[in-house]
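Below is one structure, written out as structure tokens; the observations come after it.
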Amino acid sequence: MSGPIKAVRGMHDTLPEVTPSWHNLEQTVRDILVAYGYQEIRMPVVEKTELFERSIGESTDIVSKEMYTFSDRNGEQLTLRPEGTAGCVRAVIEHGLFQNPALRLWYSGPMFRYERPQKGRLREFHQIGVEAFGLAGPDIDAELIIVCARLWKQLGIDDLKLELNSLGNAGARKKYRDILVEYFQDHKDRLDEDSLTRLAKNPLRILDSKDPGMQDIVKRAPSITDSLDSESADHFKALQGLLEATAVPYNINSRLVRGLDYYNRTVFEWTTDRLGAQGTVCGGGRYDGLVEKFGGPATPCIGFGMGLERLISLIGNRAGPAPDIYFIVASSDAMSVALTLTEQLRDNIPGIKLLMHCGGGGFKSQFKKADKSGAALALIIGVQELQQQRIGIKPLRSDEAQFDIPWSDLIRTVRHRFDR
């Protein structure tokens, strides 16, 4: 006989004791984004493989090594989305959303990458992504970064550091690419296998190498700042001024390039040292040429994505709210009355959190479960209460004595107790 089936490696279950933390995080992000005027969009989890090959870049690790790609029954190549920006751009073009000249969108959901599972890195992970279309100035760059800063403050995370860089326009990147190739060619004997592959296809990614034996070479590599075009340099300087004016601290990291080919100009990451090697919690930047590359109009764009699992690791597990009331029922005969009364409470007191005891058991065991639930009150219908059409009320978080009332007074009494 075969053993029990377990979850796929690198994919995990989110258990009930953890979901309140997810709800809190997701609601906090949603509230902040709505307050800044961002609208939610929802895209499919499966997209055509070509979408990611054209946007992310065929030479990137994501496309060449990490995508979950398969052929459907019609032989079409499909991929579980490894990131959200490409799908969002596809949706905006497909549905003609560019009629809004300043489009602000956000989305959330699972992403998939075939990576080696480790702390902070899973094969199925969840992201919230934010994208802004049609805005070319540094003001929108600053706004997105400020949105992040406000979110960290709201969540009580005070140790994230902002790293900032500019990759310049396409011409500046090409110029810098040639300089990097020449530099790393002179140190070819020191490059690891991945870096040798990147040297021919995407030399900027060598700057992201974590190989300890290469860190001195990477550190001495020419800086992209010296290759910036004047327009990008002015944009970057203006962005820094806006962040300083709004008291958002940052560190310029000339080695920050991000892992996707579509980035240009502004790139940024929020990092922490509390998650080991996987220290990036949120990252993004400009991708001004991507819409045009997909057949849409030339459109300036910027966005970011944040990893929810990593944020949950930082904020810790936060227990969900306890029920207001735990309903104790003495017998099956009383259950129909109890269910009727609980539904009347829910109809008349919006938001009341009421937990009905099910599964039988004596008064003693039910009271233990009521106390363990954290409820403020226990409502009780025993044999005597059923006969007299009354209901017992036992405060569970104080020394106040138990009392009883007629069924007809229940809604008024509970409303008064919870000031609703």
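None of the figures in this text is laboratory data; all of them are computed from the coordinates on show. What you see is a predicted model; the values in this text were computed from it and never measured. Neighbour counts run over all protein chains shown; Cβ positions are idealised from the backbone, glycine included.
For ALA319 and LEU339, what is the calculated FRET efficiency with R₀ set at 30 Å and r taken between the beta-carbons, to the nearest 0.05?
Efficiency, from the Cβ-Cβ distance: 0.65.
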In degrees, nearest ten, helix 138-155 long axis to first principal axis of the chain (Cα): 40
Separation of alpha-carbon centers, region 117-188 and region 1-55, rounded to whole Å: 21
Cα-based reach from LYS353 at 20 Å (exclusive), listing lysines while leaving out same-chain residues under 8 positions away: LYS368, LYS369, LYS372, LYS394
Residues listed by number, region 130-165, amide nitrogen under 19 Å from GLU94 label point at 7 Å toward C-beta: 130-133
Net +/- balance of residues flanking MET111 in space, Cβ distance below 9 Å, scoring K and R +1, D and E -1: 0
Helical mean residue ellipticity (222 nm; -39500 (n - 2.57) per DSSP H run of 4+; nearest 500) of the chain: -10500 deg cm²/dmol
Per residue convex hull volume, Cα atoms of the chain, in Å³: 225
Links that overshoot a 32 Å alpha carbon limit, given the list LYS153/LYS174; LYS48/LYS161; LYS119/LYS153; LYS119/LYS175: LYS153/LYS174; LYS48/LYS161; LYS119/LYS175
Full-extension gain in nm, PHE418 to LYS188, via 0.36 nm per residue minus C-alpha separation: 75.7 nm
Mean-position separation - Cα centroids, region 297-354 and region 212-267, in angstrom: 43
Reference-scaled alpha-carbon Rg (2.2 N^0.38 Å with N residues) for region 195-241: 1.45
log10 of Debye I(q)/I(0), alpha-carbon scatterers only, for region 325-417 at 0.20, 0.24 Å⁻¹: -0.96, -1.45
Segments 384-397, 302-315 sorted - mean Cβ within 10 Å per residue, highest first: 302-315, 384-397
Choice from GLY87, GLY241, GLY285 with maximal GNM fluctuation in the chain (Cα, 10 Å cutoff): GLY241
Of all DSSP beta bridges in region 325-417, antiparallel share, percent nearest 5: 50
